[in-house]
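S.K.: Take this structure first; my questions come after.
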Amino acid sequence: MSYISDVATVVRGSGFRRLLSVRMAGQFADGVFQTALASYVLFSPERQTDAQSIASAFAILLLPYCVLGPFVGVFIDRWQRRQILLIANFARAVLVTLIALIALSSAPEIALLSVGVLAISINRLVLSALGASIPRVVPLDNVVTANAIAPTLGTLSTVLGAGLGVYLRSLFGGGTDTNDAILIAVAAGLYVMAGSLALRLGRRALGPEPTAELPTAFKAVIEVARELGAGVSQIRRNHAASIAFVVTAIQRFSFGIATVTAVLLARNTFSDPQNPDAGLAVLAQVVLIVGAGFLVGAVITPELSRYLSPINILIAALSFAAITQLIIATSQTKTPLLIGVFFIGISAQVTKVCVDSILQRAIPDEFRGRTFSLYDVVFNVAFVAAASVGAFVLPSSGRSVMTNVVVSGLYAGTAVVLWRLQARAVPQD
């Protein structure tokens, strides 16, 4: 009953519900948009897919934000976060509409990806602002539960949006550039909805508290760099936050390898490479099953937190992932892999909820925006690094027993290091 009571306390807050509605609408739009983008770039009959092309697409879309993201975090700590959610969602709608027009034109693929960089970068800004805002709408004692609810329902919204995208793509007649452009336009309309929902929140409801006026032009860049350095120092001084960042990097790298593997298996092994529609349908199954794992992970994490410290939960989640990855390595047929990704999804979500909660509790409000932006950078750099490594170690079929064994060892090694750190922290008799 205690867990149910915590959930009721969190959901009862009108601020949390309104913030959650913005997240869910925006991430539902993300699912539709990402399905259309994947269809256009990776599952088009005119384009062949291998590990190198996947790595290139991820790098083009994610790396630019990794450079700009930390600077954005400073502004999250100084601009009204409600306004960020409002303006950023409307800006995404405009950019995504432009992407739909490019998809309909004869412009080269790089033109679409270039505008996609801006849209994805704004998406990360929105997610960072949402993460930094949660402690403003729920008591700190309930942030674990809030982090189990909000990001998970957001992720499930992305999964449902992706499912809608696959369904609409099939309804429209399969994978053509015109159909992909229609899906992208649908996503643009959903981003407008997400921005409109942000208006239900008070202008200052999400903080931060006003401190100083932003300088202009060159002075702003210098000030941003200085404050970014202060944010990095804040993280380095905080042992728990530092551990959270390291665990995030390792977990996302491992998850990234699994993602590239899943795309290759869906596209080139579990379906006819000449039938990309079938490949996208298989990938949609994988996404749905991972989403179910995320849901289970979100449900069990608050309950685990009653009996275990965040570090012990992370040790358990990483150990669980190591065992699952090792089991996957022994059989790379479709059914065992689908079962395996469900358990990997559980582990990934348990890890994310714990890390989010550690950072929200350990970092003061005036540093949370830049902390979550730096966190987002680590999140994306690790993922792109995994895609780049996958480009060299994974065959086009996606089948590689050794890669799964190495990833299992990475999970297990991280769990052992955390266990040793935890043991040192406990006073000995």
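The values are calculated or read from the model by the stated rules, or taken from the named source; none is laboratory data. Being a predicted model, the structure only gives us computed values, none of them experimental. Note: ideal-geometry Cβ built from the backbone for every residue, glycine included; neighbour counts use all protein chains shown.
S.K.: Among what's in the stretch 149-161 and is closer than 13 Å to A25 by Cα and hydrophobic (A, V, I, L, M, F, W, C), pick the residue that is farthest from the chain's Cα centre (by Cα).
M.R.: Looking at residues that are closer than 13 Å to A25 by Cα and hydrophobic (A, V, I, L, M, F, W, C), I get L160.
S.K.: Taking the options S373, S400, name whichever one is surrounded by 16 or more Cβ atoms within 10 Å (Cβ to Cβ) and either free of Cβ contacts under 8 Å to residues at least 40 places away in the same chain or over 23 Å from the mean Cα position of the chain (by Cα) (or both).
M.R.: Values: S373 fails: either free of Cβ contacts under 8 Å to residues at least 40 places away in the same chain or over 23 Å from the mean Cα position of the chain (by Cα) (or both).
Matching residue, one of S373, S400: S400.
S.K.: Among the numbered criteria (1) farther than 19 Å from V299 by Cβ; (2) in contact with a Ser or Thr (Cβ under 9 Å, 6 or more places away or on another chain); (3) buried (at least 20 other Cβ atoms within 10 Å of the Cβ), which single criterion is violated by K352?
M.R.: Only one criterion is unmet by K352, namely (1).
S.K.: Quick check, is G165 more than 20 Å from R82 (Cβ to Cβ), under 21 Å from the mean Cα position of the chain (by Cα) and touching a residue at least 12 places away in the same chain (Cβ under 8 Å)? Reasoning before the result, please.
M.R.: Values: more than 20 Å from R82 (Cβ to Cβ): yes; under 21 Å from the mean Cα position of the chain (by Cα): yes; touching a residue at least 12 places away in the same chain (Cβ under 8 Å): yes.
The answer is yes for G165.
S.K.: Can you work out which of the residues in the stretch 300-315 that are of a type in the set (S, T, N, Q) and in a helix (DSSP H, G or I) is nearest to S347 (Cα to Cα)?
M.R.: Among them, the one singled out is T301.
S.K.: Right, here's the next one. In the stretch 283-293, which residues are surrounded by fewer than 22 Cβ atoms within 10 Å (Cβ to Cβ), modelled with pLDDT of 85 or more and of a type in the set (A, V, I, L, M, F, W, C)?
M.R.: Passing the criteria: L288, I289, A292.
S.K.: Examine the stretch 175-186 for a residue that is of a type in the set (D, E), surrounded by fewer than 24 Cβ atoms within 10 Å (Cβ to Cβ) and either free of Cβ contacts under 8 Å to residues at least 40 places away in the same chain or out of contact with any Pro (no Cβ under 6 Å at 6 or more places or on another chain) (or both), and state whether such a residue exists. Explain how you work it out, then say what you get.
M.R.: Restricting attention to the stretch 175-186, the residues satisfying the condition of being of a type in the set (D, E) are 177, 180.
In the following step, the residues that additionally are surrounded by fewer than 24 Cβ atoms within 10 Å (Cβ to Cβ) were identified as 177.
Of the ones still in play, those that are also either free of Cβ contacts under 8 Å to residues at least 40 places away in the same chain or out of contact with any Pro (no Cβ under 6 Å at 6 or more places or on another chain) (or both) are 177.
Within the stretch 175-186, one or more residues are of a type in the set (D, E), surrounded by fewer than 24 Cβ atoms within 10 Å (Cβ to Cβ) and either free of Cβ contacts under 8 Å to residues at least 40 places away in the same chain or out of contact with any Pro (no Cβ under 6 Å at 6 or more places or on another chain) (or both).
S.K.: Another question, then. Is one or more of the residues making up the stretch 351-361 without any contact (Cβ under 8 Å) to a residue 40 or more places away in the chain and closer than 22 Å to A146 by Cα?
M.R.: So the first thing to find is which residues in the stretch 351-361 are without any contact (Cβ under 8 Å) to a residue 40 or more places away in the chain, and the list is none.
Among the residues of the stretch 351-361, not one is without any contact (Cβ under 8 Å) to a residue 40 or more places away in the chain and closer than 22 Å to A146 by Cα, which makes the answer no.
S.K.: Only one of these is surrounded by fewer than 23 Cβ atoms within 10 Å (Cβ to Cβ), over 20 Å from A146 (Cβ atoms), modelled with pLDDT of 70 or more and touching a helix residue (DSSP H, G or I) at 6+ places or on another chain (Cβ under 8 Å): T9, T97. Name it. Outline the logic, then answer.
M.R.: Numbers: T9 fails: over 20 Å from A146 (Cβ atoms).
Checking each option against the conditions leaves just T97.
S.K.: Just the residues that are out of contact with any helix residue (DSSP H, G or I) (no Cβ under 9 Å at 6 or more places or on another chain) and either assigned to a helix (DSSP H, G or I) or at pLDDT 90 or above (or both), please, taken from the stretch 380-429. So that I can check it myself, show each step before the final result.
M.R.: As a first pass, look at the stretch 380-429 and keep what is out of contact with any helix residue (DSSP H, G or I) (no Cβ under 9 Å at 6 or more places or on another chain): 420, 423-424, 426-429.
R420, A423, R424 - these are the residues of the stretch 380-429 that are out of contact with any helix residue (DSSP H, G or I) (no Cβ under 9 Å at 6 or more places or on another chain) and either assigned to a helix (DSSP H, G or I) or at pLDDT 90 or above (or both).
S.K.: Scan the stretch 294-327 residue by residue and report those that are more than 21 Å from V417 (Cα to Cα), surrounded by 22 or more Cβ atoms within 10 Å (Cβ to Cβ) and modelled with pLDDT of 85 or more.
M.R.: Once the filter is applied, which keeps residues that are more than 21 Å from V417 (Cα to Cα), surrounded by 22 or more Cβ atoms within 10 Å (Cβ to Cβ) and modelled with pLDDT of 85 or more, the stretch 294-327 yields F294, G297, T301.
S.K.: Hey, could you check the stretch 111-124 for residues that are in contact (Cβ under 8 Å) with a residue 60 or more places away in the chain and under 20 Å from F75 (Cα atoms) and say which is nearest to the chain's Cα centre (by Cα)?
M.R.: If we filter the stretch 111-124 for residues that are in contact (Cβ under 8 Å) with a residue 60 or more places away in the chain, which is where we start, we get 112-113, 116, 119, 123-124.
Checking which are under 20 Å from F75 (Cα atoms) leaves us with 119, 123-124.
On the way: A119: 15, N123: 10, R124: 8 Å.
By that ranking, first place goes to R124.
S.K.: Moving on. Which pairs do you get when a residue that is of a type in the set (D, E, K, R), found in the stretch 57-80, comes within reach of a residue that is modelled with pLDDT of 70 or more and not in a helix (DSSP H, G or I), reach meaning Cβ atoms under 9 angstrom, with the pair 6+ apart or on two chains?
M.R.: D77/G207; D77/P208; R78/P208
S.K.: Scanning for something modelled with pLDDT under 85 and in a helix (DSSP H, G or I), does the stretch 202-216 turn up at least one residue?
M.R.: no
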